[in-house]
Structure formats: C-alpha cells, structure tokens
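A short write-up of the structure that comes next.
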Amino acid sequence: MNERLTDLEIRFMHQERTVQELNDIVCRQDLAIERLERDLLQLQEQMKQILPSLTCTPDEEEAPPHY
C-alpha cells in the first residue's frame, strides 16, 4: 500500500510539472500572438497610407485630383 501511494505521488509530481510547463508555453504563445496582432495592425495602417487603392474598396477610394 505504501509503495502504491509513493508511485501515485511521483506520478502526480510529474503531471504537475508537465502542466506547469504547458502553462508556461501557452503564456509565451499568448504574448507572441498579442505582439503579432499589434504588428499586423501597424502594417495594415502603413499599407493604407502607402497604397490606399490596394486596401480600400472602390467606394472608399478617393477620386484622383483631376476629376
């Protein structure tokens, strides 16, 4: 019985460590995703300023100055 309890405690410790490692990975990925989303929004804004005709619908596009 004592050996069985020790085995269960060892298993629990391994599982607890694995859960913590997975949690750390998820937290790092969340931070990376947030950073990538900010970068994407920034790039989209830059694209709108540089090439508005590629990022706007025809209704949103401004008419050229000669019209």
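Stretched out fully, how many nm does the piece from residue 12 to residue 28 gain, at 0.36 nm a residue minus the Cα gap?
Working: separation 16, 0.36 × 16 = 5.76 nm, distance 2.43 nm.
Length difference between fully extended and current span is 3.3 nm.
Can you tally the net charge around residue 36? Count Lys and Arg as +1, Asp and Glu as -1, for every other residue whose Cβ sits under 14 Å from the Cβ of residue 36. Could you put the intermediate results ahead of the total?
Details: positive: 28, 35, 38; negative: 30, 34, 37, 39.
Taking every other residue near residue 36 into account, the sum is -1.
None of the figures in this text is laboratory data; all of them are computed from the coordinates on show. What you are looking at is a predicted structure, and each value in this text was computed from that prediction instead of being measured. We place every Cβ from the backbone using ideal geometry, glycine too, and count neighbours over all the protein chains shown.
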